[in-house]
1. What shape does the stretch 262-403 have by the C-alpha gyration tensor, where a ≥ b ≥ c are the square roots of the eigenvalues, rounded means a/c under 1.5, and otherwise prolate means a/b greater than b/c and oblate the rest?
2. Using the charge dipole of the stretch 151-285 (Lys, Arg: +1 at Cβ; Asp, Glu: -1 at Cβ; taken about the Cα centre), state which of V282, H235, V262 has its Cα farthest towards the positive end.
3. Under a Cβ-only charge scheme (Lys and Arg +1, Asp and Glu -1), can you give me the dipole magnitude of the stretch 281-397 about the Cα centre, in debye to the nearest 20?
4. Taking K375 as the anchor, which lysines have their alpha carbon closer than 16 Å to its alpha carbon, excluding any fewer than eight residues away along the same chain?
5. Considering all projection directions equally, how large on average is the shadow of the alpha-carbon convex hull of the chain, in square nanometres?
6. Using a 1.4 Å probe and ignoring any ligands, DNA or RNA, find the accessible area of L33 and quote it in Å² to the nearest 10.
7. Toward the positive end of the charge dipole of the stretch 115-239, about the Cα centre and with charges on Cβ (Lys, Arg +1; Asp, Glu -1), which of M158, V189, I172 goes farthest?
8. Given DSSP loops and a limit of at most 15 other Cβ atoms within 10 Å, what is the longest stretch of the chain that contains no such trypsin sites (Lys or Arg not before Pro)?
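The values are calculated or read from the model by the stated rules, or taken from the named source; none is laboratory data. Being a predicted model, the structure only gives us computed values, none of them experimental. Virtual Cβ from ideal backbone geometry, glycine too; neighbours counted across all protein chains shown. Remember, those area values only see protein heavy atoms, side chains included, never the ligands or the DNA or RNA. Shrake-Rupley method; radii C 1.70, N 1.55, O 1.52, S 1.80 Å.
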Amino acid sequence: MGNSKLNCVFLWFIIVGLIGVYLRGLPLDFYPLLFEYRFWVHAHSHLALLGWLFTVLYVFMLRYFVHLEKHDRYTKLFNAIQVANVGMLLGFPVQGYGFFSISFSALYIICSYVFAIRFYTDVKQNSGISPINKTLALCSVFFLALSTLGAWGLGPIMAMGLKHTTIYRLSIYFFLHFIINGWLVVAFVALLRQHYSEIFTPPIHDKRNVLWLAVSVLLTYFLSTLWLNPPIVVHILSGFAALIQFYALFHLFIRPFFKYIVHQKKNLINRLILSSLILALVLKLMLQLVSSVPVVAVLAEAFPVFIIAHLHLILLGFASLSALLLLKNTQFPNSRIFNVGILTFLVSFIVSEKILVWQGLMQAFHWWSLAHQPKLLFLASSGMLVGIFVIVFSFFRTRKTDL
């Protein structure tokens, strides 16, 4: 993988950041609203998942799990996925879920199937990687394919005039759950384990923990149905699934990396990034467990800002920081400019999360409001964008690549 692939990675990162800042500035009337607000939200979420994060995962999954001589057969597929992303960038802000954007979304889904099949075949033949990490990587690709069932369901549901029904929301939640909690989380766990393979001495129970993780990802989908006020048995099942997911990831990922951070005295920036993304993952797992409690599920449904904060915790706090750590170690091992960029991004993200959580608590419990909250969110988002630009500047200045 060469510079052109990394150019795409950073381009989508910038675009997602720009749309995020644009959305945060709209309540302040800094500029006019072009098209509909919700259309921009669709564009922002799709390009964060399928542009920035999917593209960076595509690059690193090949680097760590596929033999170098087989990388060329993925190039045309990579280009087709970028065409699909450009189509979604042009389509979603203008028409939301319309013919144009859905067509390019379908192209992306078809490309993801081709990727999943090729990746599965090539990884199965690669005997030079840890069996546990190989299984995790293959599980993540399975969840990627599984998530598309929710996306395919949206077309028929909308055609039948059921857009504002329960089944429509459940289809969206199915897609989001498996692409985020299945594909993204499990893939980054596999990648970071493979990248830091020297710190893992796989215990005998690791295979069992991988199985528990896979089962828990399937069952935690029920957390996305709790807003329907289902029978208490569904809450219990969801809580059990969240608990075994915590147990599995604790043994597979959290505990080994925590020990590594404690004993690693060098490279303060790496330790800070690792600590932050592990904390984000722990908080995500704890929130899953707590959200299985009926009163908490009702609270989350009533105040969507909590859901936004939770999504940012996963996508920015865990997934994006994992991607930036991999980029740092492979492209910018000694770049002070990159370090400044990622610290700016991290601090701005933390500030944004605190404001979002406070906003939710303020609405839920009628606490005192935070003065100038929209401006603070705009500044925090702008800070993340500045961090992104500094990171990209560091890349174009360094121009190292062996991907």
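1. On the way: a/c = 2.73, a/b = 1.76, b/c = 1.55.
Judged from the Cα gyration tensor, the stretch 262-403 comes out prolate (a/c at least 1.5, a/b above b/c).
2. Looking along the dipole axis, the top candidate is V262.
3. Result for the stretch 281-397 is approximately 380 debye, rounded to the nearest 20.
4. Counting by Cα, and skipping residues close in sequence, K375 has these lysines nearby: K354.
5. Computing the convex hull of the Cα atoms and averaging its projections yields 19.6 nm².
6. 90 Å²
7. Farthest towards the positive end: M158.
8. Numbers: sites that count: K163, K265, K266, R399, K400.
With a cap of 15 other Cβ atoms within 10 Å, the longest stretch comes to 1-162.
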